[in-house]
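The values are calculated or read from the model by the stated rules, or taken from the named source; none is laboratory data. What you are looking at is a predicted structure, and each value in this text was computed from that prediction instead of being measured. Cβ coordinates were reconstructed from backbone atoms using ideal geometry, including for glycine residues, and neighbour counts include every protein chain displayed. Surface accessibility is based on the protein's heavy atoms, side chains included, excluding ligands, DNA and RNA. Shrake-Rupley method; radii C 1.70, N 1.55, O 1.52, S 1.80 Å.
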Amino acid sequence: MKTLLRTRTATILSAGAIGLLALSGCGGMDSGSGGEESGSDSSSSESQPADSTESEMPDESGDSSMADSDLVGSGCSTYAEENPDGAGSVEGMGQDPVATAASNNPMLTTLTKAVSGKLNPDVDLVDTLNGDEFTVIAPVDDAFADVPKDDLDALAKDSDMLTKVLTYHVIPGQLSPDEIAGEHETVEGSKVTISGEGEDMKFDDAGLVCGGVKTANATVYMVDAVMMPGK
């Protein structure tokens, strides 16, 4: 199936390198050199405005970045607050190709195992996902937890079916939140139906957690259920 997948995706030759967001703030504080009490008081009073400026800058930067981005979904602000920096932050994910970015996202650990050969050594889609432009519908860990254990274990052992399910969550090309509604052919071959808008967006029957997240080559929509391709 990996050979078939690479054959399907070989036609998609363009790779994006898209940066996203700037969630940083910086500031400095002058210190006085006087050793007397009067000098100390002066230094303390002078430092207070700088402290105030420092505390305001990250908040303003974060608000501006969220407002200017294409992020959509009720879970976006919570995710940004819980992952403010590092490779798993919204900004950090924008620096890496999608499979790598997902591996740094603490909400996508099960999906990462599934696409990297850790659930089934015969299903490793990392190079394919990192090599082209995609829209990735990414079930969060809670979505996989809702799948009965026996069903998930059976899926993990069936390399053909696991590949079908995973590639059903991948659409060739990058689709922004204002482009994604409708029916789209997936890498698996059948069509996924995306309806609604904003926080009410649905991917088949899966609800949106946070979408429009940019990686270096893909746009990611985290969802609350694992979708199954039509039979």
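Computed from the Cβ-Cβ distance with R0 of 30 Å, the FRET efficiency linking T78 to A156 stands at 0.55.
Filter the cross-link list K157/K191; K164/K214; K118/K149; K157/K202; K149/K214; K149/K202 down to pairs whose alpha-carbon distance in this structure exceeds 22 Å.
As for pairs spanning more than 22 Å Cα to Cα, those are K157/K191; K164/K214; K157/K202; K149/K214; K149/K202.
Note on region 158-231 and region 110-135: Cα centroid distance 15 Å, given to the nearest whole angstrom. The modelled label-to-label distance for the pair S176/K149, using points 7 Å beyond Cα in the direction of Cβ, is 4.5 nm.
Please say if region 105-147 is rounded, prolate or oblate, where rounded means a/c under 1.5 for a ≥ b ≥ c the square roots of the C-alpha gyration tensor eigenvalues, and otherwise the choice is prolate for a/b larger than b/c and oblate otherwise? Here region 105-147 falls in the oblate category. In this structure T167 has an accessible area near 10 Å², from a 1.4 Å probe over the protein heavy atoms. The distance between label points at D122 and K191 comes to 3.2 nm (points 7 Å beyond Cα on the Cα→Cβ vector). Modelled spin labels at D70 and D85, positioned 7 Å past Cα toward Cβ, are 2.8 nm from each other.
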